[in-house]
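The values are calculated or read from the model by the stated rules, or taken from the named source; none is laboratory data. Since this is a predicted model, take the numbers as computed values, not measurements. Every residue, glycine as well, gets a Cβ built from its backbone with ideal geometry; the counts of neighbours run over all protein chains shown. Just the protein is used for accessible areas: all its heavy atoms, side chains included, with ligands, DNA and RNA removed. Shrake-Rupley method; radii C 1.70, N 1.55, O 1.52, S 1.80 Å.
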Amino acid sequence: MDASRSLDYGTLAPAPSLDGVSLPGWIYSDPDFLEAEKEHVFLGSWQIVCHLNDIPKAGDYHTLQFLGEPLVAVRGQDGAVRVFFNVCRHRAARILDGDAGRCAGRIVCPYHAWTYGLDGSLAAVPHRKEFADFSLDRYPLKRVESEIYKGFIFARLKPGLPSVAEMLAPYESELAAYRLEELKPLGRVTRRLRHVNWKNVTDNYSDGMHITVAHPGLTRLFGQSYGIAAQPWVDKMWGYLRDVPSPQLSERLYQSLLPRAPLLPDELQRQWVYFKLWPNVAFDIYPDQIDFMQMIPVSPTETLIREIAYGHPDASREMRAARYLNWRINRRVSLEDKALIERVQSGMASRSFSPGPLGRNEVSLRSFAARMRELIPESRLDRAPPAGWHARGELRKHRG
């Protein structure tokens with residue numbers, strides 16, 4: 001940060017006073033702030049493309065569109081998985097289509113038939129003699145840095161955060177019990193567009209205080225008590241399925257039909273646990289299945305929630321019923337959350353709103369706000385700087 005170029009666009013409270021204070025409303029709709037987030041929060045963040053078992057055979061691929069960048073994970077002939085930019089080196093055409101698919105041995109661009117091996121190497125070019133001083137090895141598909149963690153394929157656009165393994169290290173032993181490497185996809189990628197800022201979604205999913213107020217079904221299932229913890233790079237929330245039968249049919253059937261999971265220890269048989277990896281990737285873990293979610297910013301006030309459900313192979317009638325009931329219950333919870341975050345997004349635009357207090361038990365929201373203020377000092381401002389501040393490269397130093 002170049003402190004010599006600092007400008008003052010508002011009152012920056014002393015840093016100690018911001019501990020336990022929420023973020024200002026303007027950063028939930030400001031276009032410049034989203035551009036700053038792309039640069040300082042998202043470009044160096046790890047994003048899930050898919051699971052290894054989504055692309056089990058050579059030639060299988062899975063795509064991800066993130067911040068305008070088309071990415072694709074491809075299983076090679078050697079069994080290795082590589083992540084590339086899904087862009088031809090000739091004229092920038094998108095090469096592979098859809099969320100997922102299979103290419104037979106080679107990757108062929110549909111525009112000019114430039115042909116790549118599954119390892120990304122350029123193998124053939126029509127009219128090759130027309131290109132002066134041309135060498136195939138100069139034009140492979142461009143690689144994207146990737147990491148495989150417990151079967152999930154993560155990618156990032158530039159170096160930044162610690163490895164996924166380092167970030168999730170505090171919960172390594174707990175996650176090991178779920179044998180994530182063995183998960184199989186239970187369906188296809190789904191996307192839900194929400195007309196709110198991405199932080200509004202992640203804030204909501206890391207907020208345990210609203211559950212007993214706004215989610216009566218979850219309260220019937222899990223009671224009034226939830227555990228919440230915040231590590232440097234990952235939040236955790238958890239609760240336990242009650243034995244008291246719910247008066248609601250779907251919930252009562254889920255309680256009674258949920259079978260014992262042979263791979264889980266006794267203490268996890270009835271536990272729900274949620275992990276959110278900074279900044280926008282989450283695992284929603286139930287005894288019957290595991291959902292992963294990404295909150296991908298589309299615009300300052302639009303977020304795409306990308307989801308895939310996974311589970312361990314189990315064709316029993318009880319497990320199939322439990323997973324269906326889980327879906328029904330969570331569909332209702334999702335609609336409840338949609339209404340909640342839309343309320344908040346609307347209120348953030350009010351001139352009456354100023355950052356409010358965060359309770360001592362709102363540890364995840366406190367941690368998120370502290371890191372955002374560290375990465376983007378403008379988030380300490382009580383109002384938005386003049387439009388274009390990010391493009392002009394104006395960085396403000398903290399003033400006490």
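Only one of Asp119, Asp133 is out of contact with any His (no Cβ under 9 Å at 6 or more places or on another chain) and modelled with pLDDT under 95; which?
Asp133
Return the residue satisfying two criteria in turn: it lies in the stretch 164-182 and is farther than 15 Å from Lys276 by Cα and without any contact (Cβ under 8 Å) to a residue 40 or more places away in the chain, and of such residues it is most open to solvent (accessible area, probe 1.4 Å).
Ser173
For the stretch 190-205, how many residues meet the condition of being outside any helix (DSSP H, G or I) and open to solvent by 10 Å² or more (accessible area, probe 1.4 Å)?
The total comes to 6.
For the stretch 206-245, which positions are small (Gly, Ala, Ser) and open to solvent by 20 Å² or more (accessible area, probe 1.4 Å)?
Answer for the stretch 206-245, where residues must be small (Gly, Ala, Ser) and open to solvent by 20 Å² or more (accessible area, probe 1.4 Å): Ala214, Ser225, Ala229, Ala230.
Which condition does Ser364 not pass, out of (1) open to solvent by 10 Å² or more (accessible area, probe 1.4 Å); (2) part of a helix (DSSP H, G or I); (3) touching a strand residue (DSSP E or B) at 6+ places or on another chain (Cβ under 8 Å), if it passes all the others?
Only one criterion in (1) open to solvent by 10 Å² or more (accessible area, probe 1.4 Å); (2) part of a helix (DSSP H, G or I); (3) touching a strand residue (DSSP E or B) at 6+ places or on another chain (Cβ under 8 Å) is unmet by Ser364, namely (1).
Give the stretch 123-156 a look and list any residue that's part of a strand (DSSP E or B) and small (Gly, Ala, Ser), or say none.
Within the stretch 123-156, Ala123, Ala124, Ser146, Ala155 meet the criteria.
Since Val83 meets every condition but one in (1) open to solvent by less than 60 Å² (accessible area, probe 1.4 Å); (2) in contact with a Lys or Arg (Cβ under 8 Å, 6 or more places away or on another chain); (3) more than 26 Å from Ser299 (Cα to Cα), which condition does it not meet?
(3)
Does the stretch 345-358 include one or more residues that are at pLDDT 95 or above, assigned to a helix (DSSP H, G or I) and open to solvent by 40 Å² or more (accessible area, probe 1.4 Å)?
Checked against the condition, which is being at pLDDT 95 or above, assigned to a helix (DSSP H, G or I) and open to solvent by 40 Å² or more (accessible area, probe 1.4 Å), the stretch 345-358 yields at least one hit.
Taking the stated definitions as given, is Val333 in contact (Cβ under 8 Å) with a residue 24 or more places away in the chain, open to solvent by less than 80 Å² (accessible area, probe 1.4 Å) and more than 20 Å from Asn197 (Cβ to Cβ)?
yes
Looking at (1) at pLDDT below 95; (2) at negative phi; (3) not polar (S, T, N, Q), can you tell me which one Asp60 breaks?
Checking Asp60 against (1) at pLDDT below 95; (2) at negative phi; (3) not polar (S, T, N, Q), the one that fails is (1).
If a residue must be more than 21 Å from Phe292 (Cβ to Cβ), within 26 Å of the chain's Cα centre (by Cα) and not basic (Lys, Arg), how many such residues does the stretch 80-116 contain?
Residues flagged as more than 21 Å from Phe292 (Cβ to Cβ), within 26 Å of the chain's Cα centre (by Cα) and not basic (Lys, Arg) within the stretch 80-116 amount to 7.
Can you run down the residue pairs with Cβ atoms below 9 Å, 6 or more apart or on separate chains, where the first is in the stretch 207-233 and over 17 Å from Trp278 (Cα atoms) and the partner is open to solvent by 60 Å² or more (accessible area, probe 1.4 Å) and of a type in the set (Phe, Trp, Tyr)?
If the second residue must be open to solvent by 60 Å² or more (accessible area, probe 1.4 Å) and of a type in the set (Phe, Trp, Tyr), the pairs left are Phe222/Tyr240; Gly223/Tyr240; Ser225/Tyr240; Tyr226/Trp238; Gly227/Trp238.
Which residue is surrounded by the fewest Cβ atoms within 10 Å (Cβ to Cβ), if the candidates are limited to the stretch 261-287 and must be touching a Pro at 6+ places or on another chain (Cβ under 8 Å) and either farther than 28 Å from Arg306 by Cβ or among the small types (Gly, Ala, Ser) (or both)?
Once the filter is applied, the top-ranked residue is Gln269.
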